[in-house]
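K.L.:
Would you mind keeping the following structure in view while I ask a few things?
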Amino acid sequence: MRSKPITFNDSRLAEPTGISAGIARRIGARLLHEVREALPPTIFFFVGFNFIVLTTNLLVAQYLVAVSNFMLATVAALVVGKAVLVANKIPLLRRYDRAPLIQPILFKTAFYWVVVFWARLLERFVHFALEGNPPGHFTAYLITTFSWHRFSAISLWILALFLIYVTASEFSHLFGPDEMRRLLFTRRPSDLQLNRRQRLRELLRLSRLTDEHSGAELRDPTSAAHRELIDIVQRLAR
C-alpha cells in the first residue's frame, strides 16, 4: 500500500509569523527615521561643542584636549540631538512656519533652547540620584552646590549654536536640500548673480499666490490665478 506524503500547511500558524515580521519592519523603519532625524543636530552640536572645548583649552594654555572633555561634549551633543527629536514632535513648534522667516528662526531657537535647558537639568537630576543622594535634596543642591556659572556659560553657547543651526535649517527647507547643495558646491557665483534675485522674486510670488488662492482656483484654466501660476512657472523654467 502506497502512503501519501503528509503536507503540513497551517496558515493559522504562519499568519502570526508574518504579522510579527511586519511589526518588526515597522519598528525598524521608525527607529531608522528617528535616527536620521536626530543625526544632523547631533553632528552639528558634536562639532560645535568640541570646537568650544578646543578653543577654551587654547585660551587657558592647555593644548592637550582631555578625553573627559571630549566625552562630555559627545554626551551633550547626544542630549541635544534627542531633545531636538522630542521638540520636533510638538505641534507648537510649527506655529510660525508661514510667518516671515525671522519669526520661525527666533521662535524655534528659543523653543529648542528651553527644551534643552530642562533636558540638561533632568540629566543632572539623574546623575544626582544615581550618586546615592535623596531626590528631595536636589533643589538644595541647585541652590548651594550646583555650578550655575558653568551651566549658564554652556547655555549661552547652546543658544548661539541653535541660532546658527535653525537659520541653516530654515534656509534648507526654503530652497530644498538639493538646491542648497548645488548653491554651495556646484554652481559658480558668476552663474548665480544673473538670475538668483529673479528666481527668489518668482518663488516669493509663487508662495503668495498659493496663500491667496485655493487649489481649485489654481487648477481652473480660466482663472487669473491659473494664468499667473503658468506665467511664474514659465519664467522659472527659462
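K.L.:
Inspect all residues belonging to the stretch 112-120 and state whether any of them is surrounded by 14 or more Cβ atoms within 10 Å (Cβ to Cβ) and farther than 19 Å from Phe46 by Cα.
P.N.:
No, because not a single residue in the stretch 112-120 is surrounded by 14 or more Cβ atoms within 10 Å (Cβ to Cβ) and farther than 19 Å from Phe46 by Cα.
K.L.:
Would you say Leu92 is closer than 30 Å to Phe171 by Cα and out of contact with any Gly (no Cβ under 7 Å at 6 or more places or on another chain)?
P.N.:
yes
K.L.:
If I go through the stretch 37-55 residue by residue, how many of them are open to solvent by 50 Å² or more (accessible area, probe 1.4 Å) and either among the β-branched types (Val, Ile, Thr) or not in a helix (DSSP H, G or I) (or both)?
P.N.:
Looking only at that region, the number is 2.
K.L.:
Looking only at the stretch 144-187, how many residues end up being closer than 22 Å to Phe46 by Cβ, loosely packed, with under 10 Cβ neighbours inside 10 Å and among the acidic types (Asp, Glu)?
P.N.:
0
K.L.:
For the stretch 117-225, please list each of the helices (runs of 4 or more DSSP H) lying entirely inside it that holds at least 2 residues being modelled with pLDDT of 80 or more, within 30 Å of Ala38 (Cβ to Cβ) and within 21 Å of the chain's Cα centre (by Cα).
P.N.:
Details: elements: 138-144, 148-175, 177-185, 189-212, 215-219.
It comes to 148-175.
K.L.:
Can you tell me which residue is least open to solvent (accessible area, probe 1.4 Å) among those in the stretch 96-111 that are out of contact with any helix residue (DSSP H, G or I) (no Cβ under 7 Å at 6 or more places or on another chain) and not in a helix (DSSP H, G or I)? If you could, list the steps in order and put the result at the bottom.
P.N.:
First pass over the stretch 96-111, keeping only residues out of contact with any helix residue (DSSP H, G or I) (no Cβ under 7 Å at 6 or more places or on another chain): 98-100, 102-103, 106-107, 110.
Imposing the further condition that a residue be not in a helix (DSSP H, G or I) reduces the set to 98-100.
On the way: Arg98: 190, Ala99: 30, Pro100: 82 Å².
Filtering first and then ranking leaves Ala99.
K.L.:
Which ones in the stretch 121-143 are of a type in the set (A, V, I, L, M) and open to solvent by 50 Å² or more (accessible area, probe 1.4 Å)?
P.N.:
Leu122, Val126, Leu130, Ala140, Ile143
K.L.:
Across the stretch 91-108, what is the number of residues that are without any contact (Cβ under 8 Å) to a residue 24 or more places away in the chain, in contact with a Phe, Trp or Tyr (Cβ under 8 Å, 6 or more places away or on another chain) and not basic (Lys, Arg)?
P.N.:
Count: 5.
The values are calculated or read from the model by the stated rules, or taken from the named source; none is laboratory data. Computed from a predicted model, the values in this text were never measured in an experiment. Note: ideal-geometry Cβ built from the backbone for every residue, glycine included; neighbour counts use all protein chains shown. Quick note on the areas: whole protein, heavy atoms, side chains included, nothing else; ligands and nucleic acids left out. Shrake-Rupley method; radii C 1.70, N 1.55, O 1.52, S 1.80 Å.
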